[in-house]
Amino acid sequence: MNYQDYLYKIKDLLITNDAKIVAHYYVDELVQQLAEDTGGFVSDSLEMARYGMQQNESTLIVAGVKFMGETAKILNPDKKIFMPDMDATCSLDLGCDYSEFKYFCDQHPDREVVVYANTSAKVKSIADWVVTSSIALPLVEHLTSMGKKIIWAPDKYLGNYILDQTGADMILWDGSCIVHEEYKTIELKKLKELYPESDILVHPESPRSIIQLADVVGSTTQLIEASKKSNKKYIIVATEKGIFYQMKKLSPDKIFMEAPTEGEGATCKSCGRCPWMNMNSLDKILNVFNSNTNEIKLSHDTILKAKKSIDRMISFRDNKIINKAS
Ligand code: 13P
Ligand code: SF4
């Protein structure tokens, strides 16, 4: 089947099931295109979470990874949330086991617990705050200005970036993203030498030595905006390559390059491609309602507890926007 065949069939399926597709910028470009062509939404993890709350449809198909589906369920407990592949997870989520993390938090009862959105619903349920990469820095600045000490989990690289920027009193969980930790510093320097007229855009899940070479550090949405604003012809990008679909659409005349993942010590577990984001496909979306194993189910108790810390993030984000406007 070609793309048009999928589009025709899936449009029909969405109407029959009163559903919309919400996709992340990292999924395959055909899946992003499908979300757009069927009246759905493509964005970063924070806006994906907010989007579902504004929709009337009873069902959402979350084309991303499991923590995104769980967040959609927590914020929309009355909606049915489906995922094209329930095995699509994230190395940060896998690296932060609920019981171990609870034990860690219990050792530091004087600290505010801030967890990245890339965690399970159970981990979120014991957090004071949930953050995404777009809101982590201002939130930690805010907590620090109130004299709070922080536990940060699970991404040590993002944690170190925030620490470097804010000087916050933070202790870090030892997790990492298998995609971003593969970028290679020496090779990135060499690429910059070859293309001095370039901007380097970096997601803050990358190691410190990569962040130090960046012209812009930011969430996926912030990097897409930076690629559009840049007056350079060449844009080097250190984040999952699914993002090029949106960047190229906005700036068809620019030349986009992947930050290198090959070089000394390379493992190429990912080579710039998230194996879990990549499990989303047109075929799996077409078959998403065919079995009853693709629906996100969470206990009422977990939803209630995790919702508190996600709601706090959303109202912090909304207040910041209101304050900026006034
Ligand atoms: P964003 O919050 O920037 O969309 O990132 C999500 C993610 O999984 C990055 O690897
Ligand atoms: Fe997780 Fe990294 Fe994949 Fe994002 S790119 S979902 S952080 S493994």
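Descriptive notes on the structure:
- Percent of C-alpha pairs per 10 Å bin, the stretch 75-118, short to long: 20, 36, 32, 12, 0
- Backbone N atoms of the stretch 155-184 closer than 13 Å to the 7 Å Cα→Cβ label point of Gln212 are not found in any residue.
- Restraint check, Lys102/Lys124; Lys80/Lys297; Lys156/Lys192; Lys20/Lys248, Cα-Cα greater than 20 Å: Lys156/Lys192; Lys20/Lys248
- Residue among Thr132, Thr293, Thr221 with the largest mean-square fluctuation in a Gaussian network model of the chain, springs linking Cα atoms under 10 Å: Thr293
- Electrostatic tally near Asn17: other residues with Cβ closer than 12 Å to its Cβ, Lys and Arg +1, Asp and Glu -1, net 0.
- Taking GluC sites (Glu not before Pro) in DSSP loop states with no more than 14 other Cβ atoms inside 10 Å as exposed sites, the chain has its longest site-free stretch at 1-196.
- Kirkwood-based Rg to Rh ratio, the stretch 1-127, C-alpha trace: 1.05
- Here the stretch 99-245 is described by how far its Cα atoms reach on the three principal axes: 50, 29, 27 Å, from widest to narrowest.
- Carbon-plus-sulfur accessible fraction, the chain (probe radius 1.4 Å, protein heavy atoms only): 49%.
- Estimated Rh, the chain: Kirkwood, alpha-carbon pairs, angstrom: 20.3
The values are calculated or read from the model by the stated rules, or taken from the named source; none is laboratory data. As the structure is a computational prediction, the values presented were derived from the model and not from experiment. So basically every Cβ, Gly included, is an ideal-geometry build from the backbone, and we count neighbours across all protein chains shown. Just the protein is used for accessible areas: all its heavy atoms, side chains included, with ligands, DNA and RNA removed. Shrake-Rupley method; radii C 1.70, N 1.55, O 1.52, S 1.80 Å.
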